[in-house]
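Asks: Have a look at this one before I ask anything.
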Amino acid sequence: MKVGNAYAIAKKDISEVFSSISIYGPMLGVPIFFALVLPVLTFYVAIHAAPSLAARLVPALTSSTNIKSLSFMAFFSINVLGPIFLTMPILTASVIAADSFAGEKERKTSESLLSTPVSIPELMLGKILASLIPTIVLTFAVFGIYGYIINILAYSAFGTYVLPTPAWIMMLFTSPFLAIVAIGVVVIISSHVKGVKEAQQISTLLVLPILIMPFIAIMGVASMNVLFFAYLMAFLALVSAAVLYVGIKWFKKESIL
């Protein structure tokens, strides 16, 4: 397998994605909006609602309002808003992968691609990288912006920083595995649908299990600590490997015609 061929395919697909504002506009706009607005929401909740909410959600906190506010800010950032950010790698990877695979059918570019001397492993690797690289860059950037703003607000009010915590870092490094799962699912779906919209709509259903996580944390069913994300990361690694294996095994060049 020639890595250069895979890289050329990835570079072509990435340039196509970022040449259309209808694709990269929502893909960039929504995460950036979250990164700028959610820190302010977190800070507001920590300042004004922490004393009453912390007693119910984090009963182990001390009676100090300041500590409650600061601790609740950390709790809210990871357990409530964290899963919202974990939907980003799924949605971003789904959008790019759907355009990369199913989009070939709509743009009528699949025949020219298949006429090149590119093997199936090279084609698959190139398209996976085309989805994975922008997804990881965007996810890490948005996590960084959110953490930076949260720390500025926390330091201005409490004289200390909230992020990063070990759980926050583990959550961040879980995102590539979520992206790989989404890409693998899109690979499978793209073999059976006619266009980009169908592939996107079906693959975005993957966000539903992620959105359950805040309720699990609030109800005390599970704590989103380092151990939780370690188990989640191990589980996602197995799932991503299985999904990619099935997707690659089922994938045929003719599926993008």
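Asks: Name every residue in the range 205-217 that is exposed (fewer than 15 other Cβ atoms within 10 Å of the Cβ) and either more than 14 Å from the chain's Cα centre (by Cα) or of a type in the set (Asp, Glu) (or both), in order of residue number. Show your work before the answer.
Replies: Going through the range 205-217, the residues exposed (fewer than 15 other Cβ atoms within 10 Å of the Cβ) turn out to be 205, 208-209, 211-212, 215.
Result: Ile212, Phe215.
For (1) more than 19 Å from the chain's Cα centre (by Cα); (2) not aromatic (Phe, Trp, Tyr), each residue gets a yes or a no:
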| position | (1), (2) |
| --- | --- |
| Ile120 | yes, yes |
| Ser131 | no, yes |
| Val137 | no, yes |
| Asn151 | yes, yes |
| Gly159 | yes, yes |
| Phe173 | no, no |
| Ala182 | no, yes |
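Asks: Using beta carbons and a limit of 6 Å, which pairs, at least six apart or on different chains, have the first residue in the range 237-257 and farther than 15 Å from Glu122 by Cβ and modelled with pLDDT under 65 and the second one of a type outside the set (Asp, Glu) and outside any loop (DSSP other than H, G, I, E, B)?
Replies: Leu257/Ser110
Asks: Let me ask another. List pairs: first residue in the range 220-235 and surrounded by 14 or more Cβ atoms within 10 Å (Cβ to Cβ), second residue at pLDDT 90 or above and among the charged types (D, E, K, R) anywhere in the structure, Cβ distance under 8 angstrom, at least six positions apart or on different chains.
Replies: Pairs found: none.
Asks: With respect to the numbered conditions (1) modelled with pLDDT of 80 or more; (2) within 22 Å of the chain's Cα centre (by Cα); (3) among the hydrophobic types (A, V, I, L, M, F, W, C), which one is the sole condition not fulfilled by Met124?
Replies: (1)
The values are calculated or read from the model by the stated rules, or taken from the named source; none is laboratory data. Model, not experiment: these values are computed from the prediction. With ideal geometry, Cβ positions are generated from the backbone for all residues, glycine too; neighbour counts draw on all protein chains shown.
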